[in-house]
1. Among (1) under 28 Å from Cys255 (Cα atoms); (2) open to solvent by less than 50 Å² (accessible area, probe 1.4 Å); (3) free of Cβ contacts under 8 Å to residues at least 40 places away in the same chain, which single condition is Val76 missing?
2. Go through the stretch 21-53 and count every residue that is within 17 Å of Leu90 (Cβ to Cβ) and either in contact (Cβ under 8 Å) with a residue 60 or more places away in the chain or buried (at least 21 other Cβ atoms within 10 Å of the Cβ) (or both).
3. Which residues, counting only those in the stretch 279-288, are open to solvent by 70 Å² or more (accessible area, probe 1.4 Å) and not hydroxyl-bearing (Ser, Thr, Tyr)?
4. With respect to Ala15, is the statement that it is modelled with pLDDT of 95 or more and either aromatic (Phe, Trp, Tyr) or open to solvent by less than 10 Å² (accessible area, probe 1.4 Å) (or both) true?
5. Within the stretch 188-209, is there a residue that is of a type in the set (Lys, Arg) and either assigned to a helix (DSSP H, G or I) or exposed (fewer than 15 other Cβ atoms within 10 Å of the Cβ) (or both)?
6. Select from the stretch 232-278 the residues that are in a loop (DSSP other than H, G, I, E, B) and under 12 Å from Asp212 (Cβ atoms) and write down the one among them that is most open to solvent (accessible area, probe 1.4 Å).
7. Going by what's in this entry, would Gly66 be described as of a type in the set (Gly, Ala, Ser) and either in contact with a Gly (Cβ under 6 Å, 6 or more places away or on another chain) or at positive phi (or both)?
8. Condition first: among the basic types (Lys, Arg) and either farther than 23 Å from Asp33 by Cβ or at pLDDT below 95 (or both). Now tell me which residues in the stretch 65-124 satisfy that.
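The values are calculated or read from the model by the stated rules, or taken from the named source; none is laboratory data. Just so you know, these numbers come straight off a predicted model, no measurement behind them. Neighbour counts are summed over all protein chains in view; Cβ atoms, including those assigned to glycine, are modelled from backbone coordinates with ideal geometry. What goes into the accessible areas is simple: the full protein's heavy atoms, side chains included, and nothing from ligands, DNA or RNA. Shrake-Rupley method; radii C 1.70, N 1.55, O 1.52, S 1.80 Å.
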Amino acid sequence: MKLPIFIADAFTTKAFRGNPAAVCLLENKLDEDLHQKIAKEMNLSETAFIRKLHPNDNFTQSSCFGLRWFTPQNEVPLCGHATLASAAVLFHKIKNVHSTLTFVTMSGELKARKEEDGIVLDLPLYPAHPQKLHEVEDLIKTAIGDTLVQDVRYSPDTKKLLVRLSDTYNRSFLESLTVNTENLLQVETTGKVKGLILTLKGEPGGQTQAFDFYSRYFAPWYGVAEDPVTGSAHTVLSSYWSEQLGKKDLHAFQCSNRGGELTISLCSDGRVDIKGGAALVLEGTLTA
């Protein structure tokens with residue numbers, strides 16, 4: 001069996017920045033266990049599998065495809081950066097003739113729209129509700145020690161815990177913060193939390209570009225200690241920071257070692273548009 005496979009760096013325009021995702025194009029149905037084996041072999045935070053929905057579909061002419069995402073450990077219900085990478089492969093490498101693609105996924109239909117300065121993802125928007133600190137205090141303390149916390153929210157739809165650090169901290173503090181992810185699996189075993197978002201209010205532009213908020217994201221429960229740039233986390237962050245800042249259009253930066261930028265617009269239909277660039281860095285054939 002030979003499968004076309006690509007690696008694209010998402011939420012960046014430069015190679016080796018942003019978040020890399022592997023993208024497999026499936027001409028035929030793949031044995032179920034092979035999805036996970038391939039994802040483990042690729043060993044990236046996500047491997048995406050694009051499949052045809054009908055026998056007569058093709059990757060250049062069709063506009064609607066099935067899409068699944070796997071970490072090295074699990075299948076996940078939503079992945080923004082691997083959706084962006086998938087759209088980039090279809091638009092820029094396969095030369096799909098459509099300007100908008102629809103992906104049928106575990107999170108419903110997601111759309112990706114090609115624009116001159118990037119690709120816009122139409123994603124669900126997930127609210128984050130106030131969370132009693134004492135219920136997650138051990139988890140937070142294990143992760144970030146005595147770092148000052150300003151707000152804690154929980155998204156039941158995504159099982160993500162959002163922890164806003166004190167406004168007294170700046171971007172460089174968040175970037176240099178050492179986060180203990182190894183012990184989180186022992187502290188949180190209930191299944192309630194599957195992802196930890198650390199976030200910080202942005203700073204006005206000066207010497208550096210202005211961003212509305214910063215974040216880092218950790219998902220050891222899915223086998224991903226820290227994810228470089230996370231579209232799914234921003235479906236929660238967008239809801240939170242729009243409410244906090246009183247604005248619908250936001251500019252965000254995820255402060256991993258690789259780093260990535262996201263341009264965000266909240267829509268009137270309860271969804272969110274998240275735009276980013278992508279750089280194709282590898283193409284080849286997977287032999288199994």
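1. (3)
2. The number of residues fulfilling the criteria is 10.
3. Once the filter is applied, which keeps residues that are open to solvent by 70 Å² or more (accessible area, probe 1.4 Å) and not hydroxyl-bearing (Ser, Thr, Tyr), the stretch 279-288 yields Leu280, Leu282, Glu283, Ala288.
4. No; evaluated as a whole, the condition is false for this residue.
5. yes
6. Lys248
7. Against the criterion (of a type in the set (Gly, Ala, Ser) and either in contact with a Gly (Cβ under 6 Å, 6 or more places away or on another chain) or at positive phi (or both)), Gly66 does not qualify.
8. Scanning the stretch 65-124 gives Lys93, Lys95, Lys111, Arg113, Lys114.
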